[in-house]
Amino acid sequence: MKNAEQKPLFESGNELAAYAAKQINYHVMGYYPITPSTQIAEYLDQMGADGAHTIALMPAEGEHSAAGICYGAAAGGGRVFNATSANGLLYALEQLPVQSGTRMPMVLNIACRTVSGPLSIKGDHSDVMYTLNTGWIILFAESPQEVYDCNICALRIAEQVRLPVIVAFDGFFTSHQKRNCYVFKDDQTVRDFLGPCKEQFGVLDPAHPVTVGSYMNEPDIINNKYQLHLAMEESRTAIPAVFAAYEQLSGRRLRTLKAYCCEDAEVLLFVLGSAYLTARAAVDRLRGEGKRVGVFTLGVLRPFPADEVAQVCRNAKTVLVADRQDSYGARGGNMSLEIRAALQKSGATVRVISRIYGLGGRDFYEKDALDLFSLGYDENTPDFDYIGKNEGDTHFTPKPYFAPITEKKASGLITCTEENGKVLVKGATVRETLARPKRLAPGHGACPGCGIPVNVNLLLRGIEGNVVLLFQTGCGMVVTTGYPKTAFKVPYVHNLFQNGAATLAGLSKMYHQRQARGELPAGEITFVMVSGDGGLDIGMGSAIGTALRGDPVILFEYDNGGYMNTGYQLSYSTPLGAKSATSHLGEVSVGKGFFHKDMPRIMAATGMPYVATAAESDPNDFIRKAAKAQHYAKSHGTAYIKCLSACPLNWGDRPNTERRVIAAAVDSCYFPLYEVEQGITTLTYDPEQKGKRIPVEAWLKMMGRTRHLCEERYESVRQALQGEVDRRFERLKIEAAHPKL
């Protein structure tokens, strides 16, 4: 077969994954943004906005749902695509065996990243190793070119053996670094290579109904898993055949195992991914010094090519396996364990040394490879160790950055009394709370004009006494807790997006349990969760569960209208029509395609005792509502406050205008100020009565992300947003006027 016409590009692995998906023109992509894989969805959204493909991109509220979208779409008989990383992959993990166990082909890209905690967004292999037992075929690309090639081959393999396929590659190293590469000039070349999508069975044919995912007992379940095993074994021949066919088309050969100078090597090094090219340079240097060394890597992790591994290692005296993750307690990472088993099965007597390297994205240089090779010549080196670790000073005693804020220092400014189902607050003004020490110190790393520290400090002005804070992942967490420093003067905990409220509820319960058992002194602590950057999209289920239980905590949401910590992708709170990294403007796209989520009403529907909205444009109202939230959390159950939080970087405005921008959102009724107290709604600020109401357009034109909506061609979108804002505000006024709503 003659090589098809190709063209050069200078692109990253993420860009090439998206480019391959565009050329394939998948039916559906379910996704949720997470660094460093987010760019794949961003690039596809941009190309889709320009009409370059017809893939339906479905933004989920979390990776678990993204995996569910993909499974449902695959059950419909079409071609399905996804991309994720790190804890996002783990959040979706329970769905992966569902996809493989029901034999639904699809392709999932993993830009490999450190699994937290502690939180780190840099690249290693600790995430993809969790997938080894999920029944998915796993390809590993060492370069951006291979990301492109593997993505095309992956779908053909998936559909041939009816198993889903992962294409993994190094986060930030391969995902973000640009390289010269080649892609097929004509999209049809890729589609012809894949052939038509052949549906074996599907749920969308009422004339031939099928049941997918039946309940099974033994022996059916063991037969099901055996059939999955047979499919994986079939892929051992299918994968090389697809690679060979692709080589005829592209001139590039993908391999199950790649070896360099291994035939006569005494010492072999194994590395996975982008480190392979660095290690090859070290091999060249050592070969120049007369040392017989070599390096090998894998292009396929599942099915594991044990026979090929044994064959390439047959002449070596020592094999040093470098893992970019650890299988804790096994004295070796997953690749060490797999290679040891392969060599043992083959009867080889080669010595195997395991080293853990490169965790948290630590760079791998030629010198590091040289040091690893030197270990192979040291007969006394231990079989297992970490390289690059720093044991630190074992006698070091950490010192606090700040003096603790005592209960006495933080009390005595605000009083709350409850009368006739309402809480009356005294002392909750900016002037009257000036003496309150800040629990969040200045010196954090937030962008100029960021609303997060402003809003957090306004909230905490209204909180008396001892406070424990929990931050979900997001900008607010990242810019305040860069190890080894912290900006918090009070106890602080972090957990991931999807589980902050439940974590705080567990902490609160433990406090009261230990008090009841006499293990902690009498007193009170107010527990506050701080969430934003989309944290109450992915974390909404946890928050609702906390509210339904009535756990005595405050849930505080700073709504900055997007997933800002990953570079501003659309969230469910992004305004209709706003442009973001996943809601581009283009020939066939007009920005975000659906209305913003009304989270306060969702929380009020749980029956929780106190729900409120607040804005920095009215700080006294903000502080008063914080004080009421504390009262209700202590005496009645969960309280929730939401504020609109400025993000100049992604809103496209100026830091010195943010208070006016927030005020305009309030005056346009896009973000009305109200509270729902014991089920009764009170409109705490009515711009109509004040003669200050403005059209939503006046607010939209203040921000670069929405200014385009003021153009004539976007009038229908603008009018739809205005209509929805009017509808919500009219309903709010009716509820506020009713004595029982």
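Please treat every number below as a calculation from the coordinates, not as lab data. The shown structure was predicted, so the numbers you read here are calculated from the model rather than taken from an experiment. Counting neighbours? That spans all protein chains shown, and the Cβs are built from the backbone with ideal geometry, glycine included.
Would you mind counting up the charge near T526? Only other residues with Cβ under 10 Å from its Cβ, with Lys and Arg at +1 and Asp and Glu at -1.
Net of charged neighbours comes to -1.
Could you please rank T526, T503, T706, placing first whichever residue has the fewest other Cβ atoms within 10 Å of its Cβ?
T503, T526, T706
What net charge do the residues around V309 carry, taking every other residue with its C-beta under 14 Å from that of V309, with Lys and Arg at +1 and Asp and Glu at -1?
+4
Which of K399/K485; K399/K489; K409/K509 have a Cα-Cα distance over 22 Å?
With Cα atoms farther than 22 Å apart: K409/K509.
With charges set only on the Cβ (+1 for Lys and Arg, -1 for Asp and Glu), what does the dipole of the chain come to about its Cα centre, in debye to the nearest 20? All intermediate terms of the calculation are to be shown ahead of the outcome.
On the way: 78 positive and 78 negative charges, 279 e Å.
Its charge dipole is roughly 1340 debye.
What angle do you read, to the nearest 10 degrees and between 0 and 90, between the alpha-carbon axis of helix 619-635 and the longest principal axis of the chain?
Relative to the chain, helix 619-635 is tipped by roughly 80 degrees.
Out of (i) 38.0; (ii) 31.3; (iii) 51.1, which label holds the value of mean projected area of the Cα convex hull in nm² that was computed here?
The value computed from this structure is option (i).
Using modelled backbone amide H atoms (1.01 Å from N, in-plane), which distant-in-sequence or interchain residues come within less than 5 Å of E266's amide H?
Those lying under 5 Å, H to H, from E266 are R292, V293.
Nearest 10 degrees is fine. How inclined is helix 540-549 to the longest principal axis of the chain, computing both from alpha carbons?
The answer is roughly 50 degrees.
The range 515-600: which trypsin sites (Lys or Arg not before Pro) are DSSP loop and have at most 16 other beta-carbon atoms within 10 angstrom?
Of the trypsin sites (Lys or Arg not before Pro), the ones in loops of the range 515-600 whose Cβ has at most 16 other Cβ atoms within 10 Å are R517.
Subtracting the Cα-Cα distance from 0.36 nm times the residue separation, let me have the gained length for E366 to H512 in nm, one decimal. List each step's numbers first, then the result.
Working: separation 146, 0.36 × 146 = 52.56 nm, distance 5.48 nm.
That works out to 47.1 nm of additional length.
Can you sort R718, R340, R355 so the residue with the fewest Cβ neighbours within 10 Å comes first?
Details: R718 21, R340 18, R355 26.
So the residues, fewest neighbours to most, are R340, R718, R355.
Taking amide hydrogens as modeled 1.01 Å from N in the peptide plane, which residues meet the under 5 Å criterion relative to Y31, leaving out close sequence neighbours?
Counting only residues 5 or more places away or on other chains, the set is M58, A60.
If you project the alpha carbons of the range 257-386 onto their three principal axes, what span does each projection cover, largest first, in Å?
The principal-axis extents, from largest down, are 34, 33, 31 Å.
What does the extension gain come out to for K426 and N180, with contour length at 0.36 nm per residue minus their alpha carbon separation? Don't skip to the end; give the middle numbers.
Working: separation 246, 0.36 × 246 = 88.56 nm, distance 6.61 nm.
Stretched fully, the K426-N180 segment lengthens by 81.9 nm.
Among DSSP beta bridges whose residues both lie in the range 257-386, state the antiparallel percentage, nearest 5.
Taking every DSSP beta bridge within the range 257-386, about 20 percent pair in antiparallel fashion.
Let me have the 222 nm mean residue ellipticity of the chain computed from DSSP H runs of 4+ only, each contributing -39500 (n - 2.57), with the sum over all residues rounded to the nearest 500.
After summing the helix terms and dividing by residue count, I get -11000 deg cm²/dmol.
What is the local net charge at P105, summed over the other residues whose Cβ is closer than 9 Å to its Cβ (Lys, Arg +1; Asp, Glu -1)?
So the surrounding residues net to +2.
Among rounded, prolate and oblate, which fits the range 288-363 when a ≥ b ≥ c are the square roots of the eigenvalues of its C-alpha gyration tensor, a/c under 1.5 means rounded, and a/b larger than b/c means prolate?
Note, shape of the range 288-363 comes out oblate.
Of all DSSP beta bridges located in the chain, what percent are antiparallel, nearest 5?
30 percent
Let me make sure I get this right: for the range 216-321, a, b and c are the square roots of the gyration tensor eigenvalues over alpha carbons, sorted descending. Under 1.5 in a/c it's rounded, otherwise prolate if a/b > b/c, else oblate. Which is it?
Working: a/c = 3.17, a/b = 1.89, b/c = 1.68.
It comes out prolate by the Cα gyration axes.
What percent do you get for the relative contact order of the chain when only Cα pairs under 8 Å and 6+ apart count?
Value for the chain: 10 percent.
Please enumerate, by chain and number, the lysines with C-alpha under 24 Å from the C-alpha of K592, excluding those fewer than 8 residues away in the same chain.
Result set, ordered by chain and number: K22, K579, K642, K701.
Pulled fully out, how much extra length does the chain show between C197 and N656, if you take 0.36 nm times their separation in residues and subtract their Cα-Cα distance? Intermediate results must be reported in sequence, preceding the final value.
On the way: separation 459, 0.36 × 459 = 165.24 nm, distance 5.42 nm.
Length difference between fully extended and current span is 159.8 nm.
For the chain, take the longest principal axis of its alpha carbons; what is the angle in degrees between that and the long axis of helix 500-516, to the nearest 10 within 0 to 90?
70 degrees
Give me the Å³ per residue figure for the convex hull around the C-alpha atoms of the range 603-725. Numbers along the way, then the final one.
On the way: hull volume 14.5 nm³, N = 123.
So the per-residue hull volume is 118 Å³.
Would you mind ranking Y226, Y215, Y130 so that the residue whose beta carbon has the fewest other beta carbons within 10 Å leads the list?
Final ranking by Cβ density, sparse to dense: Y215, Y226, Y130.
Report the normalised scattering of the range 484-615 as log10 I(q)/I(0) at q = 0.15, 0.18, 0.22 Å⁻¹, calculated by the Debye formula with identical scatterers on the alpha carbons.
Treating every Cα as an identical point scatterer, log10 I(q)/I(0) equals -0.81, -1.04, -1.31.
Using the Karplus equation 6.51 cos²θ - 1.76 cosθ + 1.60 (θ = phi - 60°), what ³J(HN,Hα) coupling, rounded to whole Hz, does each residue of the range 440-450 give in order, writing x for Gly and Pro?
Coupling constants for the range 440-450: 9, 7, x, x, 6, x, 5, 5, x, x, 4 Hz.
Along the charge dipole of the chain, Cβ charges K/R +1 and D/E -1, which of L673, L458, A21 sits furthest on the positive end?
About the Cα centre, the residue reaching furthest to the positive side is L458.
If I take R0 = 60 Å and measure r between the Cβ atoms of K225 and K690 in this structure, what FRET efficiency does the formula 1/(1 + (r/R0)^6) give, to the nearest 0.05? Please report the intermediate quantities before stating the final value.
Values: r = 67 Å, r/R0 = 1.12.
The pair K225/K690 has a calculated efficiency of 0.35.
Using C-alpha positions alone, give me the convex hull volume of the range 358-424 per residue in cubic angstrom.
Normalising the Cα hull of the range 358-424 by residue number yields 241 Å³.
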